[in-house]
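Engineer: Questions regarding the structure given below will be posed in turn.
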Amino acid sequence: MSPSMPSKTPVLLVTGASRGIGAAIARLAAKRGLDVAVNYLKDRASADAVVADVKAAGRRAIAVQADMAREDDIVRMFEAVDRDLGKPTHLVYNTGITGPMTRIEGLATKDAQEILDINVLGAFIAARAAIPRLSTKQGGSGGGIVFLSSAMANLGGAGEYVMYSATKAAIETLTLGLARELATEGIRVNAVAPGPIATDIHPPGRLERLTQVVPLARPGTPEEVAETVLFLLSDAASYTTGTVLRVAGGR
């Protein structure tokens, strides 16, 4: 077993895991033998449904309410995982918001701040909390961190989501920096950048419009993104760190 994977049953914390890509990651992780902490913000019923699916796959699971825009919530979330499942060995930071669809001059400062707080600062705080739990230099057994970026990090989001796109570019830089910083501590850090995925993050009509410029001529599924995330957390990716894998149908 590679030094980046612990010998005990792995414990994966997935933020924003009550639906969409996060839920697909949690369910697939259970099938791959990981115990799973399902973070959610408001929808406890959906989070409980994901927990039930994880348990049906024979793994342990808990639902943990926490707002990724609040440092105290993130700290409490990790403490809950420590208590109920054991220290997490893997983190997937899946939480992200687009904010309103608008040109940049139409984006209110409060909305821009919320996008930054959740998409970037929340990812930083969550990673900071995970590192001492995973680091072999701090008593951990190693593990993996995967951030969810977006193809928009390289496309820019002009006329729609420039601020969102900028935060995803920041996530990709955070991925590279942390990967190099933690390389000797048994922690691999990677990111996945989905293209148009069939989830409810899109306003009506947007997914269909984007699909027209996707070479594979269809939207992706949450399960296809989950497969890539679980690959990056697995021994199969033991020599992969600091990498952004694009799951975007060729776009």
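Bear in mind these aren't lab numbers, they're just calculated from the coordinates by the rules spelled out. As the structure is a computational prediction, the values presented were derived from the model and not from experiment. Positions of Cβ are generated from backbone atoms using ideal geometry, with glycine treated the same way; all protein chains shown enter the neighbour counts.
Engineer: Over all directions, what mean area does the Cα convex hull of the range 1-149 project, stated in square nanometres?
Structural biologist: Values: hull surface 36.6 nm².
With every direction weighted equally, the projected area is 9.2 nm².
Engineer: Moving to a separate point now. From the convex hull of the Cα coordinates of the range 1-85, what is the mean projected area in square nanometres? Show your work: numbers first, answer last.
Structural biologist: Values: hull surface 22.6 nm².
Orientation-averaged projected area of the Cα hull: 5.6 nm².
Engineer: Sticking with this structure for a sec: Distance between the C-alpha centers of the range 157-181 and the range 127-149? Whole Å please.
Structural biologist: 20
Engineer: Taking the inverse of the average 1/r across all pairs of different Cα atoms in the range 126-251, what Kirkwood radius in Å do you get? Don't jump to the answer; show the numbers that get you there.
Structural biologist: Details: mean 1/r = 0.0648 Å⁻¹.
Taking every pair of different Cα atoms in the range 126-251, averaging 1/r and inverting gives 15.4 Å.
Engineer: Taking the Cα atoms only, what angle lies between the long axis of helix 222-233 and the longest principal axis of the chain, rounded to 10 degrees?
Structural biologist: Approximately 40 degrees, to the nearest ten.
Engineer: Going by average Cβ neighbours within 10 Å, how do the peptides 167-179, 199-211, 16-28 rank, with the highest at the top? If you can, show how the numbers build up before the last one.
Structural biologist: On the way: 167-179: 19.7, 199-211: 13.0, 16-28: 25.1.
Highest to lowest by the protection proxy: 16-28, 167-179, 199-211.
Engineer: If you only keep lysine pairs separated by 8 or more in sequence, or across chains, how many in the range 11-247 come under 23 Å at the Cα atoms? Mind dumping the intermediate values first?
Structural biologist: Working: K31/K55; K31/K87; K42/K55; K42/K110; K55/K87; K87/K137; K110/K168.
The number of close lysine pairs in the range 11-247 is 7.
Engineer: Give me Rg over Rh for the range 11-247, both radii from the alpha carbons and Rh done the Kirkwood way, two decimal places. Don't jump to the answer; show the numbers that get you there.
Structural biologist: Values: Rg = 16.9 Å, Rh = 17.8 Å.
Rounded to two decimals, Rg over Rh is 0.95.
Engineer: Same structure, new question: Taking the number of other C-beta atoms within 10 Å as the exposure measure, put V75, V36 in order starting with the fewest. Kindly include the intermediate steps, with their values, before the conclusion.
Structural biologist: Values: V75 15, V36 32.
Sorted ascending by nearby Cβ count, the order is V75, V36.
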